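*Asks:* Here you go, one structure.
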Amino acid sequence: MEFPAALFPSYFSAGPPREDGDSTPAAGWGEHGQVLEAGSNHRQAETAFVPRRGGMGESWEPADAAAVPLLPPNASRWISPLAPQDILYHGVLRRKLWAGKTAATLDFAKQLGHFFVDHPEDVFGSLGQLLHQNFFLGNSKLRVSVCVGVTTPLPTLPLSAAGSSFCPFSLQRGSRHSTIRMTALMEEIDRLEARRGCHKRHLTPRLRWFSHLCRDWLFEVPLGLLADCVHEELLQQWASLLFNDSLTGGALAWLPPEDTGVRTGCLVYPGGQAMNHLCILLHGVSLGRERSGSCCNALSQHTGFQDVVLEELPHAQGSPVQFELNGRIQQVSAAWVDGEDFIGVRSDYHCGVWRMPGRVGVAPTPLQVIRTDMPASCLTVSPHLPGELSVCTQSGAVYLWNVETGLHRLRCDPQTMFFRDHSPWRWSDFTAHPRVLSCADRTGLQCLDARAPKRCHFDLFKVGEEAGCQQGERVVLPMYLGRAHPSHHLVTTQFSVYILDERLPMVPVLKWAHMMKDAPLFAHLTPGGLGRSHKVLLGTSRTQELLLLQYQGGNQSAYQLVGPPQKLHSIAGCLQHLPAQLPHHHHLLQQRLSIPAAGLAAALQEDGPCESLTVFQLSEAGDIFCQRLAHEAAQPPTPTKRDEATQPTSRASPHPSLAVPSLAAALRYRHWLKALSKACGKHPQHTCPPTFSQKRLFTHRELETQAGSSALHEQARQWLRQAMQEGGSIRGWDTPAFQPSPLPTPLEPAGGMDSLSTRLTAAWSGDWGQWWEERSSFNMAQRQRALRERRRRQKRARGRRSLSASFTSSLTYQSELSELSDTALPPPLSPTQLPRPAGPSPPLSPVLDEALLSSQSLRCRGIPKERRKMLRDYLSVCTEGPPEPPGSQSSQACIPHSQGLSLSQACIPHSQGLSLSQASSASRPRRKRPRMGF
Amino acid sequence: SSHEHKLDFKKSKELCLSYIQDAMLQKQWKRAAEFFTSYVEALEKDFSRERVCPSEMIWRIGSEILCHHSQGNVKEFNSFIEQMKTLGVKRYLKVCLEHVFHLLCNGLVEEAYQNLALAESWRFGEQTAIQDQEMKLIQAYRGLLDYYSWSKQKNILLEGGECQDGLDDLSAEQEMHGCFRKAAVNLKEILKVPGVWDLFVKCYVDLLEFYGDHEEALQVLNEYAYNSKFPANPNAHVYLYQFLKRHGESKKSLISALKILHDLVPSHELMIDFHAMLQKSKKRKKRRLGLEVIFAVLDYSGWKENVKAWSCLARQVKQIVTSGKHLEWIKQEWSSRKDWWPAFHFSRYWAKRNWQQNESLAYGKALVAGILLGKECKYFKYVSHQGCKAQLKRFRVLKRFVNKNNLVYLRISG
């Protein structure tokens, strides 16, 4: 273990961070840092110097235009993530607070209110039962009945029931004094609801009086306690929305094959609906170019997804071994010790360790699981001793966990090490000495000797002047870089990345401002061999950024950051390369792809002179994307015969033009999209189209009597019946006259000015009078044209009606109907049309519409007055066109049911094709079950 | 609307910056340069008073692009930096320093020296603490360059001293001494400030040694190694040790220098020398320390497969066992390691691997394993079996030795 003979010069002083740190957005550029003499040959004519940062690094060029999915989309019933507006105050109060520059205000009252409305039984259950008799919600005046057995209106549940229900109950004498009438109170509450958002709303005295009286005893759960819990939960949600550190370390691990020549390795990742399945791709992921036929077959049998041979892209083989765990997997860490892989898996309250024998294809065995009282924040696997791990919990405890000897607590300190910081996050990792562990919190790193943790420890890194930190800088991710050099450590903060050498504690041997938009939570090291640079990948969660850095040194030469940093593709970046989507599909896809990242892994593949680095990125939804970086020194790959036949264009040049993804990648995108829409469309609640019951519309007799009135009626009825049986809808009520108008004519070309600008222009140039003339005449002409148009339409309608000559209908109704069908006809939503009634359906004439719908004809059929409206509504629904196709209903799959606290009301592009009644129910967002109106 | 305009301007500026960053992070230097020119233009029209000064960003981004751009050359870089120097007073020294680094890395030592001299003479009002530090660094680098020219002249004089006439010699010598004085003053200055000054210390000590000022050199090195305000730099101790060794100091002082290094960095490469030195000592205490040192070295994963370290340990262990004295030393060292060394060093996996890769490493380790863990130890069994199978004499001897001393194992672990 050699130490560099000379280090780059740097100042050293102790103390808190300096106040005037440079926080320019470009702080990482343009600096060499320091220089050092390269080699100590004084006899040379000129001394050569090397910079601390700069110089030429290795060249790793992305091989494709974007990241490519590695596996089919994870079949999670994916709920759109919580957004700030879900839990923050809106409206007046927020604006007021914003003006005062206060920090974000949690809308605590709203959450509590939702809870009361959603779970009235849980909130007011037993007291509601008890007080049942004493509250009266009816409209009538409260009177006392003397005789026993008279039915009196009484409510079932106070507050929760909006309407009054009547239940037979006999009031006893004297109950007049113990019953209060709640109707007025309810009305006032309703009025309050109506005035929501009003500046000057005051609680009425009656409400205040009531809440004052009831506050202490009305609630099942004591209000204070409930409020505390809700507030705590809200705070936690808000904190994790700002910065979610539970994912630190990442939940993706790559187990490289023992022999670097082999092209398959294992990928360990979380999957399943709740990300609680530990998946291990046993047969591994093949990184190679040549693929054997057997692998291909195995693949098509198992997954049916990647049954296409994809050259140059990593490829999953077989189906993964899955272990169902008890919680969401937050971190997966792995280390290769003594010819075996050890995999540590952390969820909030459980940590487990698996052993994976070195041979590919042998199933991993679970070794041990521990449960923690506080959420665990870190789990790292020892690279030195088999079956040894280190665990940290949020209570500030650090444990050395040996599978054979159990847990050994090294430290338990709820306080942070160097200065006070509120974060309970702790981390620990291994060092060059197998018995010495590094422990970290947000303020720095310390090394502890596990044999005498109280006595033997030293500070490795401290947020302060020693490392040239900025104010507010905090440790985000420490990582042991033992595979590069036994004494190297990486520390990332939200501003910078540091490389430390444990032989020279407190002084970072390298520091660089990474300029990433979010704090890097994930890191991966690909060690370089002799004379090569070590590749460090940094990844952020929220912004999905990936950055490749290279450093070298630490043995004989001093540490250098070589080459410029390089940004890699993020998952969201492939959106632009996906086939064009409908707007709301696009929106959903965008949401899915820009979910925060949850892990990062990389695999180095050496194939003779060619080297390539495959980078895997995991998203919180469980999707894994990968990209390949080719080492510049590598030769262009020799195409196989198969390639030449299928994709001549992409192979023509060694570096395909990076504007478009290769054919193979495009194919993969398509498969992935198909699988995604299939997975999302499976939502059981929304697959069945809305159903209508026809029982209450027509009696059997009513339908019978009119048989044979006309062939058209008969046909219509037949369609109706058929449509009802199939559960579809009838299309074709519309006639050529009522065809949906083609796309609206485009507005004036972009150069065209609005009336104000034209007027001003005219005024400026002096001919304002002329403008006025033109305008008024234009308006006149326009009005005349409109009038003429209307007249013509009326005439046409009249003419049509005369065809039927059986009845007259009010003109207003006709126009109403045409308005409806004009505006409500939706543009086709998706290329796949709804199953239409079988057989060609000639368009129905509007006569039929009118004939069926006019009140006269309805009356003569004996349909009661109150049902006529219903019937009209129903039929108008049918004229409106198809309901949303099942594919596009995935949009609804992501509406979360508001329960308690997770109140993320996703804004969904509302499809126009829903029935009116449904649409109106959906516009009332807090109603759980939409009423169909029938 | 003027506010809106301002906001739009700010937004477009930010957007432009993000484009530049994006291009730079993808190594598209040409594209970045195009965006950068429009960004600079935008800034010219910017009269807003923001906290973050844009000139720093221009300097950083501009010099980065010029460094990597295919058409960038030193001349262009120089003219760009000269403009940057005039842009910000606060950053003048830093820009100068970075400029010098760039010149040095491109081999333009002469120009770099001129720039340093120019920067040194710069004065502007009261200096902040950072500017003070930067000024000191500038002086130190100038001293360093002076040192290099001194050493060049020294080499010329030493090599071609005979064939040149005396007059030239004299002036050259005088020039050399001038360089020495300049270098010494500047280098001495920076060594007073706590920091990592490996480069400067080495040069300064070299100068002093040449002129025979050993006391001053020793003092500087001692200060650099032992001043608690300085970071715990292993190199400081290494330089001190090397200096002491060069000047034939006593074993005792050498040992004490290395002892401190051992306390600081037990895994340092000099620990092998230290162990050898202690082994040669007559004193029991020293030999005891030697055992401690070599055990500590082998604790570290970086030394795991080091043949030299293992043979050192094997030799000392064998010596102790054959002499029969001081078995308690081994026992003490072993007690804190017996729960993890077997898995760390003496597993079957490592036996196989060591045997395949390095026979003498396997021999040393097997000896230690046989003594510490007895003849039933997996590592010893595997290696001695393989050795005997390969009919190697020393493995047969080893097997006999371990079998004979199997009782030692019981005494150590008991």
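*Asks:* For Cα pairs less than 8 Å apart in space and 6+ apart in sequence, what is the mean separation divided by the residue count of the stretch B:273-413, i.e. the relative contact order in percent?
*Replies:* On the way: 142 pairs, mean separation 31.3, N = 141.
Normalised by residue count, the contact order of the stretch B:273-413 is 22 percent.
*Asks:* Show me, for the stretch A:422-430, the HN-Hα J-couplings you get by feeding each phi into the Karplus relation (A = 6.51, B = -1.76, C = 1.60, θ = phi - 60°), rounded to Hz, glycine and proline as x.
*Replies:* So the Karplus estimates, Gly and Pro as x, are 6, 5, x, 5, 9, 9, 8, 8, 9 Hz.
*Asks:* Excluding residues on the same chain fewer than 8 positions from A:Lys110, give the lysines whose Cα lies under 23 Å from its Cα.
*Replies:* A:Lys96, A:Lys101, A:Lys200, A:Lys928
*Asks:* Ignore the peptide's own chain and count Cβ atoms of other chains within 10 Å of each Cβ in A:5-16; give me the average, rounded.
*Replies:* Working: counts 5, 9, 8, 3, 12, 6, 11, 9, 7, 3, 0, 0.
Shielding by partners across A:5-16 averages 6.
*Asks:* Using the structure shown, select from A:Lys454/B:Lys304; B:Lys154/B:Lys182; A:Lys462/A:Lys511 the pairs with a Cα to Cα distance greater than 24 angstrom. Don't skip to the end; give the middle numbers.
*Replies:* On the way: A:Lys454/B:Lys304 27 Å; B:Lys154/B:Lys182 15 Å; A:Lys462/A:Lys511 13 Å.
Violating the 24 Å limit, Cα to Cα: A:Lys454/B:Lys304.
*Asks:* Also: Taking a threshold of 18 Å on the Cα-Cα distance, which of the pairs B:Lys245/B:Lys280; B:Lys308/B:Lys338; B:Lys282/B:Lys308 fall above it? Don't jump to the answer; show the numbers that get you there.
*Replies:* Details: B:Lys245/B:Lys280 16 Å; B:Lys308/B:Lys338 22 Å; B:Lys282/B:Lys308 22 Å.
With Cα atoms farther than 18 Å apart: B:Lys308/B:Lys338; B:Lys282/B:Lys308.
*Asks:* Using modelled backbone amide H atoms (1.01 Å from N, in-plane), which distant-in-sequence or interchain residues come within less than 5 Å of A:Thr105's amide H?
*Replies:* Hits under the 5 Å cutoff: A:Tyr89.
*Asks:* So, one more: Where does each of B:Leu118, A:Leu385 land when they are ranked from fewest to most other beta-carbon atoms within 10 angstrom? Present the calculation step by step, with values, prior to reporting the outcome.
*Replies:* Details: B:Leu118 13, A:Leu385 24.
With the fewest neighbours first, B:Leu118, A:Leu385 line up as B:Leu118, A:Leu385.
*Asks:* Over the stretch B:291-368, calculate the relative contact order: mean separation of alpha carbon pairs under 8 Å at least 6 apart, over the residue count, as a percent. Can you show the working numbers first?
*Replies:* Values: 47 pairs, mean separation 32.2, N = 78.
Contact order relative to length: 41 percent.
*Asks:* What's the center-to-center distance, using Cα atoms, between the stretch B:334-393 and the stretch A:443-472 in Å?
*Replies:* 37 Å
*Asks:* I would also like to ask the following. Could you give the nm distance between label points at A:Asn244 and B:Arg348, where each point is 7 Å from its Cα heading toward the beta carbon?
*Replies:* Result: 4.4 nm between the two label points.
*Asks:* Among B:Asn115, B:Asn233, B:Asn73, which one moves the most in a GNM of chain B with springs linking Cα atoms closer than 10 Å?
*Replies:* Comparing B:Asn115, B:Asn233, B:Asn73 in a Gaussian network model of chain B, the most mobile one is B:Asn73.
*Asks:* Amide H neighbours of A:Leu252 under 5 Å, counting only residues 5+ apart in sequence or on other chains, H built in-plane at 1.01 Å?
*Replies:* A:Val332, A:Leu600
*Asks:* Can you sort A:Asp518, B:Asp8 so the residue with the fewest Cβ neighbours within 10 Å comes first? Numbers along the way, then the final one.
*Replies:* Working: A:Asp518 17, B:Asp8 11.
Going from sparsest to densest Cβ surroundings: B:Asp8, A:Asp518.
*Asks:* Using the C-alpha atoms of the stretch B:273-413, what convex hull volume per residue, in cubic angstrom, is computed? Please report the intermediate quantities before stating the final value.
*Replies:* Details: hull volume 14.0 nm³, N = 141.
Per residue, the Cα convex hull of the stretch B:273-413 comes to 99 Å³.
*Asks:* Next question, about the same structure. In Å, the Kirkwood hydrodynamic radius of the stretch B:350-414 over pairs of distinct alpha carbons?
*Replies:* Numbers: mean 1/r = 0.0877 Å⁻¹.
Mean inverse Cα-Cα distance, inverted, gives 11.4 Å.
*Asks:* With charges only on Cβ, +1 for K and R and -1 for D and E, what is the dipole size of the stretch B:273-413 about its Cα centre, in debye, rounded to 20? Walk me through the intermediate numbers first.
*Replies:* On the way: 31 positive and 9 negative charges, 124 e Å.
Once rounded to the nearest 20, the dipole reads 600 debye.
*Asks:* Two decimals is fine: what is log10 I(q)/I(0) at q = 0.12, 0.13, 0.18 Å⁻¹ for the stretch A:440-490, from a Debye sum with one equal scatterer on every Cα and no solvent?
*Replies:* The computed values of log10 I(q)/I(0) come out as -0.32, -0.37, -0.68.
*Asks:* Show the residues, 5+ positions off or on another chain, whose built amide H is closer than 5 Å to the amide H of A:Gln550.
*Replies:* A:Val536, A:Val562
*Asks:* Taking neighbour counts of Cβ atoms within 10 Å as a proxy for exposure, in what order, fewest first, do A:Cys214, B:Cys179 appear? Walk me through the intermediate numbers first.
*Replies:* Details: A:Cys214 16, B:Cys179 22.
Sorted ascending by nearby Cβ count, the order is A:Cys214, B:Cys179.
*Asks:* Averaged over its residues, how many other protein chain Cβ atoms are within 10 Å of peptide A:560-568's Cβ atoms? Please list the in-between numbers first.
*Replies:* Details: counts 0, 0, 0, 2, 8, 3, 4, 7, 2.
Mean number of neighbouring Cβ atoms from other chains: 3.
*Asks:* Same structure, new question: Once phi is turned into ³J(HN,Hα) by the Karplus curve 6.51 cos²θ - 1.76 cosθ + 1.60 with θ = phi - 60°, what whole-Hz value does each residue of the stretch A:213-225 show in order, with x for glycine and proline?
*Replies:* Ordered by residue, 3J(HN,Hα) equals 5, 9, 3, 7, 10, 6, 8, 4, 8, x, 4, x, 5 Hz.
*Asks:* I've got another one for you. Semi-axes of the equivalent ellipsoid of chain B: what are they in whole Å, largest first, if each equals the square root of 5 times a C-alpha gyration tensor eigenvalue? Let's see the in-between values first.
*Replies:* Working: eigenvalues 671, 221, 80 Å².
After scaling each eigenvalue by five and taking roots: 58, 33, 20 Å.
*Asks:* Here are some pairs, B:Lys286/B:Lys318; B:Lys85/B:Lys152; B:Lys229/B:Lys252; B:Lys188/B:Lys259; which of them have Cα atoms lying more than 21 Å apart in this structure?
*Replies:* Numbers: B:Lys286/B:Lys318 17 Å; B:Lys85/B:Lys152 32 Å; B:Lys229/B:Lys252 26 Å; B:Lys188/B:Lys259 28 Å.
Going by Cα-Cα distance, B:Lys85/B:Lys152; B:Lys229/B:Lys252; B:Lys188/B:Lys259 fall outside the 21 Å limit.
Throughout, read-outs are computed from the coordinates displayed, never taken from laboratory work. For clarity, every value in this text was computed on a predicted model and none was experimentally measured. Reconstructed Cβ throughout: ideal geometry from the backbone, glycine too, with neighbour counts over all protein chains shown.
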